[in-house]
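As structure tokens, the structure follows; a few thoughts come after it.
Please treat every number below as a calculation from the coordinates, not as lab data. Note that this is a predicted model, so its numbers are computed, not measured. Note that we place each Cβ from the backbone using ideal geometry, even for glycine, and neighbour counts take in every protein chain shown.
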Amino acid sequence: MSKKIEDSKIESAESGNVDQIRDIIFGSQMRDYEQRFVRLEERVLNETNSLRSETSHRLDALESYIKQEVDSLIDQLSIERGEREEDTRHLTDELSKNATAADKKSSHIQDKLTQHQATTRDALLDQSKSLLAEIQSVRNGLTDSLNKNTDKLQSDKTDRKALADMFSEVAMRLNNDFKLPEGNK
């Protein structure tokens, strides 16, 4: 085991020697590289922080812009909604006025129609009365004329008995049964 310990000591001494040699040969370059890495790391951190800050600033600006645009759109929609509601109220008022005017016209036409019917009915009644009076007058005239003609016929006509006697006499004469007094022949 001792050999192993000795070998390990030798190796660690050799390794320490190698590190010293390496430090002598590459030491200044390594320190130089370490400083460069530190500066590069600082620069990357600064750039990252700057980029983060700028990104945050831009996102804030973008958020503000979007918020303003959304607010503007909301305001515009609100105005348009108000205009549509006003237009709807205006149209409703117009429809109401038109319906009222139509009702008034309909009522007026109905009144005129009723008046016209009453006037026509009165005119027909007057004409009917006039025609009835004229018919009555013509009837009375015809009745009077018929009565006059009947009376005239009554007075002008032959009496039934006289007519029967005359027909009897004619029948007897035709049968030669009738003898006339001699002075009348």
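Within the set of pairs 6 or more residues apart or between chains, which connect a residue that is without any contact (Cβ under 8 Å) to a residue 12 or more places away in the chain inside segment 96-114 to a residue that is part of a helix (DSSP H, G or I) with Cβ atoms less than 7 Å apart?
none
State whether the residues of segment 52-72 include one that is part of a helix (DSSP H, G or I), of a type in the set (A, V, I, L, M) and loosely packed, with under 10 Cβ neighbours inside 10 Å. Lay out the reasoning, then the answer.
Looking only at segment 52-72, we keep the residues that are part of a helix (DSSP H, G or I), and these are 52-72.
Next, from what is left, pick out any that are of a type in the set (A, V, I, L, M): 59, 61-62, 66, 70.
Going one step further and asking which of them are loosely packed, with under 10 Cβ neighbours inside 10 Å, we end up with none.
Within segment 52-72 (the criterion being part of a helix (DSSP H, G or I), of a type in the set (A, V, I, L, M) and loosely packed, with under 10 Cβ neighbours inside 10 Å), the answer is no, since none of the residues qualifies.
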